[in-house]
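Trainee: Sharing a structure here in structure tokens format.
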Amino acid sequence: MRVKAMFRQGLDKILGDATATIDTIEPGSIVVAPRKPIPLDDEAAITEVLDLAARIGAVLLDSGTGAIDTGNQIAFVASIYGLEDVVVDVTFNRILVSARRGPTLPPVTTVRTVHYRSLDFTRLAHVDRLVRRIRQLAITPGTAHRIVDGIVSAPHPYPYWLANLAWGVLALGISILLGGTTLVVLTAFLTTVVIVALNRRLARIGTPIFFQQMLGGFIAVLPAAGLYHWREALDVSFAPSQIIAAGIVALLSGLSLVGSVQDAITGAPITGTARFSEVVLMTGGILAGVAMAIRLVESLGGSLPGLTTTSPFGPSDVAATVIGGAIAAGAFALASYAERRAIPVALGAGVLASGVISGLSLTDAGAIVSGAVAAIVVGLIGGLAARRALVPPLVVAVAGITPLLPGLAMYRGLYGVMSGETLAGFGELATAIAVGCSIAAGVTLGEFIARTLKRPRLPAALARQRDALRDGRPHGLTLTRRKPPRWNP
């Protein structure tokens, strides 16, 4: 019976009718309100609904969802409660929602500012389920408000120490992907754990994130430089760039690169520019920290290998890059407090992305084209996973592109500029920027393709098997198994 239940559950996930809502609402797909529309002269009721929609949008915007998708979600929630004529304006850190009430009544408007920027994909998943509950069960706005209170105020699903270790495992996976030895892998893990722990303490006292990134870039260089200086005494051989690049990727992975490019492509250039400026500023902090560390090493009589030293990774290291990419993607999902059900999906996205990169390394496609193709695959898989109500596509997209981030190219470019190889250094930095933009654009294109794909028809035998399994269970509305956090009444 257990085997049959497991088979039924797996088949239902593949063939079921459940559809996720986050990032999948298209304009014009709003359904008819399931209850009597709110009277247009009831300002209190309208304000309650608009504030609920704005709060849901704030969680989405905070999690990195694009401005257009956030606005569609807000309009969708408002329409469920009968407010069809709604104007939504989403910017970098502000949401404005206005309900027009005809020519004789003034509009009702609510504004919400997003003050926090944190990665908690469990919160994003709970909001996704809340939107589906609102659509399916027509729960009252007051009940929905209390659920949002519980979602926002709930603690992270994992303790901080586990998230810190996950960031270290992410760097470990990147170092494996780059072909690092055991010494490189362990050093990258320990260095990243120290960086994350110190940055958490700085964040608690209100230190701007620019200086947190700068400290991270500074610390990422020192262990690699020290080991390289004492390599003959320790009788070890390794590439310091692999350790430094792993730390840089860990610092880059939390930035909203995908959201910034997606906003610019989908018609929100102002928000996209603001997000991209934030990404550039945070990346500048990393580069400043790395530059300070390199100068410190040189002033103490140390040195690092030049740009002629390349990573030993090559087409023959397919197993290493696939394993490393999977570890990095899964660790990022865990470090970002994704649900347990999302971690295997993130691992699969990492396998696909690194597998595509490995396959294209056998050709002359180049880093930019390879990164774009791999990102398209990740975005497509993320969109299809959302259609099956597994996880929000943003979780899959951001975790899947983590192994593709150009941390090594960024370090090599900066070191080239500082060591006198200006032309080669700027070339590496330009490549890093181009790869990052191609990855973000590829994810956006993959998600767009997933949205436009029509649901394929099932073979008759498979459809009959699905119907037979469904006949053996109670009919009616089926809700998700995971419940949102409890709230205090």
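The values are calculated or read from the model by the stated rules, or taken from the named source; none is laboratory data. Here the structure is a predicted model, which means the values were calculated and not measured. Cβ: placed from backbone, ideal geometry, glycine included. Neighbour counts: every protein chain shown. What goes into the accessible areas is simple: the full protein's heavy atoms, side chains included, and nothing from ligands, DNA or RNA. Shrake-Rupley method; radii C 1.70, N 1.55, O 1.52, S 1.80 Å.
Trainee: Set the Förster distance to 60 Å, then compute FRET efficiency between D89 and T363 from the Cβ-Cβ distance, nearest 0.05. Numbers along the way, then the final one.
Mentor: Working: r = 45 Å, r/R0 = 0.75.
Taking R0 as 60 Å, the efficiency between D89 and T363 is 0.85.
Trainee: Can you order the peptides 238-251, 102-115, 319-332 by their average number of other Cβ atoms within 10 Å per residue, highest first? All intermediate terms of the calculation are to be shown ahead of the outcome.
Mentor: Working: 238-251: 28.7, 102-115: 12.9, 319-332: 25.1.
Peptide ranking by packing, descending: 238-251, 319-332, 102-115.
Trainee: Grab the Cα-Cα distance for L296 and F426, subtract it from 0.36 nm times how many residues apart they are, and report the gain in nm with one decimal. Please list the in-between numbers first.
Mentor: On the way: separation 130, 0.36 × 130 = 46.80 nm, distance 2.18 nm.
That pair, L296 and F426, stretches by 44.6 nm at full extension.
Trainee: So, one more: Could you work out how much longer the chain between W161 and R231 gets when fully extended? Use 0.36 nm per residue separation minus the Cα distance between them, nm to one decimal.
Mentor: On the way: separation 70, 0.36 × 70 = 25.20 nm, distance 3.14 nm.
That works out to 22.1 nm of additional length.
Trainee: So, one more: Ranked from highest to lowest mean number of other Cβ atoms within 10 Å per residue, what is the order of the peptides 197-209, 222-234, 286-298? Intermediate values should be presented prior to the final figure.
Mentor: Details: 197-209: 12.5, 222-234: 15.8, 286-298: 19.2.
The packing order, highest mean first, is 286-298, 222-234, 197-209.
Trainee: For the range 103-212, what class follows from the C-alpha gyration tensor (a ≥ b ≥ c being the square roots of its eigenvalues): rounded when a/c is under 1.5, otherwise prolate if a/b is larger than b/c, else oblate?
Mentor: On the way: a/c = 3.08, a/b = 2.21, b/c = 1.39.
Taking the square roots of the gyration eigenvalues as a ≥ b ≥ c, the range 103-212 is prolate.
Trainee: Length gain on complete extension for the stretch A44 to V111, per 0.36 nm per residue less the alpha carbon to alpha carbon distance? Please list the in-between numbers first.
Mentor: On the way: separation 67, 0.36 × 67 = 24.12 nm, distance 1.51 nm.
That pair, A44 and V111, stretches by 22.6 nm at full extension.
Trainee: Ranked by accessible surface with a 1.4 Å probe, highest first, in what order do F121, F448, F211 come?
Mentor: F448, F211, F121
Trainee: Further question on the same structure: Where in the range 120-137 does the amide nitrogen come within less than 20 Å of the point 7 Å from the Cα of R204, taken along Cα to Cβ?
Mentor: 120
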